[in-house]
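Accompanying notes for the structure given below.
Bear in mind these aren't lab numbers, they're just calculated from the coordinates by the rules spelled out. Because the structure is predicted, anything quoted here is derived from the model rather than measured. Glycine also receives a Cβ, built like all others from the backbone with ideal geometry; neighbour counts cover every protein chain displayed.
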Amino acid sequence: MSFFLCGKCRSTEEKIVELDYSRCGLSDVPFDVYSSSRTLEVLHLEGNKLRDLSPQLFQCIDLKYLNVSDNEINSLPPLISKLTSLQVLVLSKNALVLDSLSPNLDKLNKLTTLDLSMNDLGKVPETVMNLINLQQLCLNDTGIDYIPANIGRLSNLRILELRDNYVEELPKSIRRLTNLQRLDVSDNNLNALEEIGESHGNITELWLNGNNLEKLPATINQLKKLNDFDASSNCLKAVPREIGHCIKLTNLILSFNNIELLPKSIGNLRNLQVLKIEGNCLEELPDSLSKLLNLEELNVQNNSLTSVPSGIGHLRKLGTLILSNNRLTHLPTEIGSCLNLSILNVHHNLLSKLPDEIGHLHKLTTLGLIGNRLSYLPITISKLSNLRALWLTPNQTQPLIHLQNDQLETGQVVLTSILFPQVPISSEEELSVAEIPVVITPQPGKISFSADTGPTEARLSRTPTPYRKELRRLRHSLSGPGVTQIREAKVTNITSDFVPQDQYINTHNNMNDNTTFVTPKQPPPYYVAAAYSKNAHLFNDVIPVPKDGIPPPSPLEKPKKFSQHPANVNLLKPQPRTGPTWPFGSHKIRYVTEVELDGNLQEDDFRIVSKDDGVYIDFVKTTGSAFNKLQIGDKLLSFDDVDISVLDPSSAYHQVLKVINNTKVVTVSRQLQSNDN
């Protein structure tokens, strides 16, 4: 019967392959990790208070996924080399420095994903360049100013993230990374991009925003698979016509540059869904824009446009059109053909009237007209049954605004209000759309308004790190005597910034197969990440304190919100992921412990025996010095600094015989009774 119970016990333990202790406020690795070391494959410890990784953790030799991000870990010990099965290692947002990373890291031959982001490394660790099987490398916000020339060794890389550093140029060897699918070098100091070209035909995401680029290379036409391209916040004066060859582009962001003209070839981007070119020097839009039949969002605010091409009426899928802060004197009547338009913003232009065709936009929910020269609105606006927000003036403070029917001298019936005629205002008085919410309820002869939510921004395929370069400079200015170096307000990997671990493990076991690589999920929006930054209180000097003098509660006191909650989040003892519970009461589990001896053991104080899987205690003398310290069944792992767990049982047995009499500390794996409820 006892043999039957042991068999059942082993069967139950084998089913514990994943444990999730994320955000439990732990300062030590939980005991259950050690007791499941034989079968554990996936371990989540992110968002805790760990300062180091216990040596016993490295007994989990079958571990494939380890996430210890958002802790206080200050070193990676040499024992990391024991995790030879590890494929995903997430160490982001800790207290690691360059010298604290063990050179044994390159012994992890199966590692495909490594995230060292938001650690103060200063340079790329040389040991990382030896991980030739890496497919994803994240070194965001690590303070590096150059990329080693031997990065070309990592020829299997598919994702390379170097966001928010001080890199001034890309090495020529980056041309050897022919498998790259995502390259993120945003918020650096790049002046040129000559190394991106023909060899990077597999790139689908290219993030260059926040650099010092003055031009884009013509070799961009080689990026045939490019889907997402962001070159905003640079010094670009023109867009190369070769961009028209990137026919798979769905998101193109060129905001906040010095661009004066868009090439006609932009009309070739038939798959484009989002086009953002606000904050430039455009005086006109090309007629070829009408060929972008899949365009859903167009943002050209803060330019110098005097007209909108009539071809805009061909954009039947357009849902958001932002034309604010230009010099428009009229809108084309063809705008009434954009039947899916829900947000139309023309704040601060020179419009004196709106076309009657506005009334055809039955899906319109938000119409922004602040800062124009309007004296009335077309009567057709009363037909917009879905209209929920109408912005007429920054002084619009009343919850209800009445629009009355009026008749012009020409006999035309229009809508008027005490807010007309409009008086153009200066840019300093401009208010954002979200600050003046109103709702329209159609009624006979008038339209009523009441508070509601303002328009939301259309989606972005990727969000940047939480703070821009201005905030980064502020962070460094705050660093001084008595001020902890601020590494906060950065992206915290909530739930998972990566592909679910099963996909990593199953998809990339074989580097030579033809399995499809799944692009990881994107980081959360920066304002969410900043809210949960563990040392966000360090910004109290620059963030106003409430009038009552009581600072808001620490983000750590609030549970983080997930789109999908882990089944055992915040539980101090996670349950097995699969399989039935053990119904027969207590059974034996093992854990690792250290035993202190007096160093004067006699030969007959205890007896050892060699078995197939190691050396065990077979007998303990009740009157000897080892009594109540060693127990029958203890598996011997090490004596002082001598690790015998790496030796075969026979060699380990003879090694123990040599050193046992003078040993002061012995590490054993011991069986305990545990109740399985």
Query - Approximate spin-label separation Asp618-Cys235, in nm, with each point projected 7 Å along Cα-to-Cβ - result: 7.9 nm
Report summary line: Applying the gyration tensor rule to the Cα atoms of the range 244-297 (axes a ≥ b ≥ c; rounded if a/c under 1.5, else prolate if a/b exceeds b/c, else oblate), the class is prolate
Query - Lys383 versus Glu194: modelled label distance in nm, points set 7 Å from Cα along the beta carbon direction - result: 5.9 nm
Query raised in the report: For Ile247 and Cys281, what is the calculated FRET efficiency with R₀ set at 25 Å and r taken between the beta-carbons, to the nearest 0.05?
Result: 0.40
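Which whole-number percent gives the relative contact order of the range 178-232, counting Cα pairs below 8 Å spaced six or more residues apart?
Values: 108 pairs, mean separation 22.4, N = 55.
Relative contact order, the range 178-232: 41 percent.
Which order, highest average first, do 332-343, 403-414, 88-99 follow once you tally other Cβ atoms within 10 Å for each residue and take the mean per peptide? Intermediate results must be reported in sequence, preceding the final value.
On the way: 332-343: 19.0, 403-414: 12.2, 88-99: 21.0.
In decreasing order of mean packing, 332-343, 403-414, 88-99 become 88-99, 332-343, 403-414.
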Query raised in the report: Of Lys49/Lys123; Lys237/Lys276; Lys611/Lys664; Lys215/Lys317; Lys629/Lys664, which sit over 21 Å apart, Cα to Cα?
Result: Lys49/Lys123; Lys611/Lys664; Lys215/Lys317
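Using 0.36 nm per residue of separation minus the Cα-Cα distance, give me the extension gain between Leu647 and Thr84 in nm, one decimal.
The span from Leu647 to Thr84 would gain 201.0 nm if fully extended.
Can you tell me the relative contact order of the range 168-272? Whole percent, Cα pairs under 8 Å, sequence separation 6 or more. Intermediate values should be presented prior to the final figure.
Details: 261 pairs, mean separation 22.5, N = 105.
Across the range 168-272, relative contact order equals 21 percent.
Based on the mean of other beta carbon atoms within 10 Å per residue, what is the order of 606-616, 179-189, 71-81, most packed first? Working shown, then result.
Working: 606-616: 15.0, 179-189: 21.5, 71-81: 17.5.
Per-residue Cβ counts within 10 Å, averaged per peptide and sorted highest first, yield 179-189, 71-81, 606-616.
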**Report entry** Projected label distance in nm at Thr39 and Asp52, using a 7 Å step from Cα toward the beta-carbon
**Finding:** 3.1 nm
Requested in this report: For an R0 of 41 angstrom, estimate the FRET efficiency from the Cβ-Cβ distance between Phe627 and Thr127 and round to the nearest 0.05.
Outcome: 0.35
Report task. Take Lys225, project a point 7 Å from its Cα along the Cβ direction, then tell me which residues of the range 193-216 have their backbone nitrogen under 15 Å from it. Result -> 197-206
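Under the 0.36 nm per residue contour assumption, what length would be gained going from the current alpha-carbon distance of Ser27 and Lys172 to full extension?
Details: separation 145, 0.36 × 145 = 52.20 nm, distance 4.40 nm.
Extending this stretch completely gives an extra 47.8 nm.
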Report summary line: With R₀ set to 56 angstrom, the calculated FRET efficiency between the beta-carbons of Lys317 and Asn662, to the nearest 0.05, is 0.10
Report task. Report, in whole Å, the centroid distance computed from the Cα atoms of the range 201-258 and the range 158-194. Result -> 14 Å
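Work out, step by step, the length gained on full extension between Asn104 and His362: first 0.36 nm times the residue separation, then minus their alpha carbon distance; give nm to one decimal. Provide the component values of the computation, followed by the final result.
Working: separation 258, 0.36 × 258 = 92.88 nm, distance 6.39 nm.
Going from the current span to full extension adds 86.5 nm.
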